[in-house]
Amino acid sequence: MPRFATQVLEFDKVKKMLADKAATVLGKKAADNLFVSGNYQEVVALQEETAEIIRVFDAGKRLPFGGIFNIIPSLKKAEIGSVLESEELLHIGSTLAAIENMKTFLRDFELIPHLLVYGDNLQIFSLLEKQINATVDEHGEIKDSASPQLKNLRSSIKIAKNRIKEHLDGILHDQSKQKYFQDALVTMRGDRYVIPIKQEYRLNFPGIVHDQSSTGATLFIEPLEIVDLNNNVKRYLTEERDEIERILRQITLHIGKEAKNIADSLQIITKLDVISARGYLAEEQRAVRPELCTGNKIRIVEGRHPLIDKQKVVPITVELGGENLMLLVTGPNTGGKTVALKTVGLFALMAQTGMYIPALTAELPVFNAIYADIGDEQSIEQSLSTFSSHMTNIIKVLQTIREGDLVLIDEICAGTDPNEGAALAMSILEEFFERKVLTMVTTHYSELKTFAYGHNGMQNASVEFDVESLRPTYRLLMGVPGNSNAFNISRRLGLDDIIVNRAGKMLNEEHTHMEKVLQDLDIKRRGYEEGKSEVEKIKFEAEMLRNQLAYQKKEFLKYRDDMLRRAREKADDIYRESRREAEGIIKELRSHKNVVDTKVLQEIAERARQTLNKQLSGDNPVPEGTKLTNATAKVGQKVFVTTLGKNGYVISLNSSDITVRVGILKMNVLPEQCILVANQPVSVVLKKEKSHNLSSSHKLFVEKSSGSKQDVDLRGLMVEEAIVVVDKAIDDALLAGVGRLRIIHGKGTGALKAGIVPYLIKHNMVVGVQEAAPEEGGAGVTVINLK
């Protein structure tokens, strides 16, 4: 019995799919003859090669197989001394160039050690490639420059043909001979130039007759004056053929010396082609790399049979091994039992040839052998019934199996007396179990369900059947025995209810009870699965939210630390600059210590004060303008208060000073401490944050005018960015006397609103938070009232 049941499991079809992805003829042949390895280290290396080629694909690259031909027959001819044709040389030259191109391509990649080893082992045949290119052109013709002798011969042939053409042109244009010509043209017979002459003028046109027309009316005559020239051309052509033969023999000799090395490099190219094909197939099937384990555990999650249309295939989940060495699959016919069996076998074979698995995840051991008994193999010639043929296969398996093998049996011990068949099946399964062989079998025997249920190390599974639609769902249910649903299927196929009901009465009580228990278990299982699905969904959403909050916290702390760092740096810069300015002012004052003029001293002091104000004002520089005096001060004027560094409005005039309102503050200052600025509507412009952490710059306005709205636009910001902007907006609004703000966060996913509203509710300067009216933006806007 074959060590790996590739034929029974239809693995040849998988190999055909792989061959279709290969780029070269050699690669296609190698894929068709794929070797299944039973060595763990070899399989790991094969899987790593597939992983590396997918990394190359992910980088947007593809291995360059263009220009590679199957030159193995030509190399064998060269080795035994047979002369190669010019077209064969062209293919060899193209392949040598492709080998060099592949070697260069692989050098440009990192993290592909297995592929790099192949690239390092590729040999470059630059000299031989150069000789071939100097001999054969891109059309497979021998070049004139292949040898000096060939060049001279072809030049002589050309000259001789030109002389012949001149003589023939003279004959064709001779007016006295025009009546002789059947057609005034030159043609070829053999390798001789001839002219078609009318039969009746044969004696008037001296020359050698080489052919005649089918009617005999036209003779093809070589004029006597060009016979010697034609002879020269023929001699030159013979010498040309001899020279070409010599050139081909010589270069064939060089190729024969390198034939083994070229074949070795071509074998590496073939391996790379098969590896690349495995990568292409994995991409097409959305396959994953199987996790190879050293134990005996099979775990396939949502595996898809590779030979079933991906639009129709139903994924299955299978667990086998560990504590449970045996899996017993039951259920109705056409329910998917055999498909599940073949899926497991094909996945094992695919993994052990380096292919990825079309599944969500997969964990597989490396099996020493994979045996399968699937399908009806009854034989009339050998007088074997279905039961006999299956039993023959099982006996062969029992003679060879050992720990580390996988056994797959469809309908074990079917085709005989049910009681005897069930007993034999239980005994055989017991033998498999004692030998510690991973086994997966399908059956209709009810006794085996009970056997597996009460046996440690054996597990039941079933293919799901929808009792409402009376159709199989093709899902594999682990841990749940199934029933054959023969009665339900018979009803669906049209069997009379009277017959079905009569059959039901004939079942013994124990069997009826078992079927009822199985149905109840199936109903409960469905309920548990629905609940589990809902729990998994909630768990997933919670995990996503936790990750989002953790990320936001991390970004906020990073932003905060960055802001504090920049603030400290700015404060240090201001301190150092202020100190330098102060030292300069002190120095200047000391230089004027002998000045006694009070007015001059006041001017010096005022210049020093302005310098310090300018230095300390930072982002609020003192604007250019005219200083107020008692005479120019008027109520309603907008002024810049130099001692405060803020804009304000004159609200009253006093005898010696003026009253200015700055935000919600009122203060008395001297007119000289105010600078008149251009009158404009009250507005506070929030400056753009200059942080690289912000995704984009946003201009935020808080406008105060009669009946107008004050908006803070947070759209496009992260929560932590928005908090910084809102804090600044609230501070500036309080200074400007604005008591109401509209926080525009938009609707979107709701994440920004969910983060900013709780913060506003807890803010110590906010006395009210509510969603805006529909005409003001509704759920996309939050309105806050300030103290």
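The values are calculated or read from the model by the stated rules, or taken from the named source; none is laboratory data. Computed from a predicted structure; not experimentally measured. Here Cβ is always computed from backbone atoms with ideal geometry, including for glycine, and neighbour counts include all displayed protein chains. Side chains included, ligands, DNA and RNA excluded: accessible areas come from the protein's heavy atoms. Shrake-Rupley method; radii C 1.70, N 1.55, O 1.52, S 1.80 Å.
Within the stretch 28-46, residues that are in contact (Cβ under 8 Å) with a residue 40 or more places away in the chain reach partners that are open to solvent by less than 30 Å² (accessible area, probe 1.4 Å) and hydroxyl-bearing (Ser, Thr, Tyr) with beta carbons closer than 6 Å, at six or more positions or on different chains, in the pairs 30/270; 34/353; 36/353; 43/37. Here residue 260 passes the criteria (1) exposed (fewer than 14 other Cβ atoms within 10 Å of the Cβ); (2) at pLDDT 95 or above; (3) farther than 30 Å from residue 145 by Cα except the one numbered (3).
Pick from 84, 34, 90: which is closer than 15 Å to residue 140 by Cα and outside any helix (DSSP H, G or I)?
That would be 84, the only listed residue that is closer than 15 Å to residue 140 by Cα and outside any helix (DSSP H, G or I).
Just one of the listed residues (297, 310) is out of contact with any strand residue (DSSP E or B) (no Cβ under 9 Å at 6 or more places or on another chain) and open to solvent by 40 Å² or more (accessible area, probe 1.4 Å), namely 310.
Listed here are the strands (runs of 3 or more DSSP E) enclosed by the stretch 424-496 that have at least 2 residues being touching a residue at least 60 places away in the same chain (Cβ under 8 Å), open to solvent by 20 Å² or more (accessible area, probe 1.4 Å) and hydroxyl-bearing (Ser, Thr, Tyr): 471-478. Within the stretch 179-208, being assigned to a loop (DSSP other than H, G, I, E, B), within 18 Å of residue 237 (Cβ to Cβ) and in contact with a helix residue (DSSP H, G or I) (Cβ under 8 Å, 6 or more places away or on another chain) holds for 186, 191. So, residue 111, is that one part of a loop (DSSP other than H, G, I, E, B) and without any contact (Cβ under 8 Å) to a residue 60 or more places away in the chain or not? Answer is yes for this residue.
Check 154, 192, 107, 163 and return the single one that is more than 30 Å from residue 55 (Cα to Cα), open to solvent by 60 Å² or more (accessible area, probe 1.4 Å) and basic (Lys, Arg).
Working: 154 fails: open to solvent by 60 Å² or more (accessible area, probe 1.4 Å); 192 fails: open to solvent by 60 Å² or more (accessible area, probe 1.4 Å); 107 fails: more than 30 Å from residue 55 (Cα to Cα).
Matching residue, one of 154, 192, 107, 163: 163.
Of all residues in the stretch 730-787, those that are within 42 Å of the chain's Cα centre (by Cα), open to solvent by 60 Å² or more (accessible area, probe 1.4 Å) and either closer than 28 Å to residue 648 by Cβ or among the β-branched types (Val, Ile, Thr) (or both) total 1.
Just to be sure, is residue 473 at pLDDT 80 or above, hydroxyl-bearing (Ser, Thr, Tyr) and under 43 Å from the mean Cα position of the chain (by Cα)?
Working: at pLDDT 80 or above: yes; hydroxyl-bearing (Ser, Thr, Tyr): yes; under 43 Å from the mean Cα position of the chain (by Cα): yes.
Spelling it out, residue 473 is indeed at pLDDT 80 or above, hydroxyl-bearing (Ser, Thr, Tyr) and under 43 Å from the mean Cα position of the chain (by Cα).
For (1) surrounded by fewer than 20 Cβ atoms within 10 Å (Cβ to Cβ); (2) more than 24 Å from residue 462 (Cβ to Cβ), each residue gets a yes or a no:
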position: 342; (1), (2): no, no
position: 350; (1), (2): no, yes
position: 402; (1), (2): yes, yes
position: 410; (1), (2): no, no
position: 421; (1), (2): no, no
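Can we say residue 361 is touching a residue at least 12 places away in the same chain (Cβ under 8 Å), open to solvent by 40 Å² or more (accessible area, probe 1.4 Å), among the hydroxyl-bearing types (Ser, Thr, Tyr) and closer than 25 Å to residue 479 by Cβ?
Details: touching a residue at least 12 places away in the same chain (Cβ under 8 Å): yes; open to solvent by 40 Å² or more (accessible area, probe 1.4 Å): yes; among the hydroxyl-bearing types (Ser, Thr, Tyr): yes; closer than 25 Å to residue 479 by Cβ: yes.
Judged against the criteria, residue 361 is a match.
Output the number of residues of the stretch 317-336 satisfying the condition of being open to solvent by 10 Å² or more (accessible area, probe 1.4 Å) and outside any strand (DSSP E or B). Residues meeting the conditions: 6.
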